[in-house]
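Take a look at the structure set out below.
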Amino acid sequence: MNGEATLAAAHRNNRPDDFADSIAQFIREQGFRVQQYVGCSGYRIDIAVEHPSDTVKQFVAGVECDGFS
């Protein structure tokens, strides 16, 4: 019902997301490469996990942590 307003408010905060950062760090410690806040619009995926092969340049998983919303 208030999705757009809630997402807009969450993006305006620009605060670090300690929860998403800790999850990303855990995934890195398991040997995976990750990128955070991936996307090209106002809505971004918190954590994108890269394919483990050096020859494949794509993401294999996305993790949505719901941020501050």
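The values are calculated or read from the model by the stated rules, or taken from the named source; none is laboratory data. Model, not experiment: these values are computed from the prediction. As a convention, Cβ positions derive from the backbone with ideal geometry for all residues, glycine included, and neighbour counts pool all protein chains shown.
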Return yes when Thr55 is of a type in the set (Val, Ile, Thr), modelled with pLDDT under 90, exposed (fewer than 14 other Cβ atoms within 10 Å of the Cβ) and part of a helix (DSSP H, G or I) and no when it is not. no
Provide a single number: the residues in region 28-69 that are touching a residue at least 12 places away in the same chain (Cβ under 8 Å), of a type in the set (A, V, I, L, M, F, W, C) and out of contact with any strand residue (DSSP E or B) (no Cβ under 7 Å at 6 or more places or on another chain). 1
Any residue at all in region 14-26 that is modelled with pLDDT under 85, charged (D, E, K, R) and in a helix (DSSP H, G or I)? no
Across (1) modelled with pLDDT under 95; (2) in a loop (DSSP other than H, G, I, E, B), Phe32 clears everything bar (1)
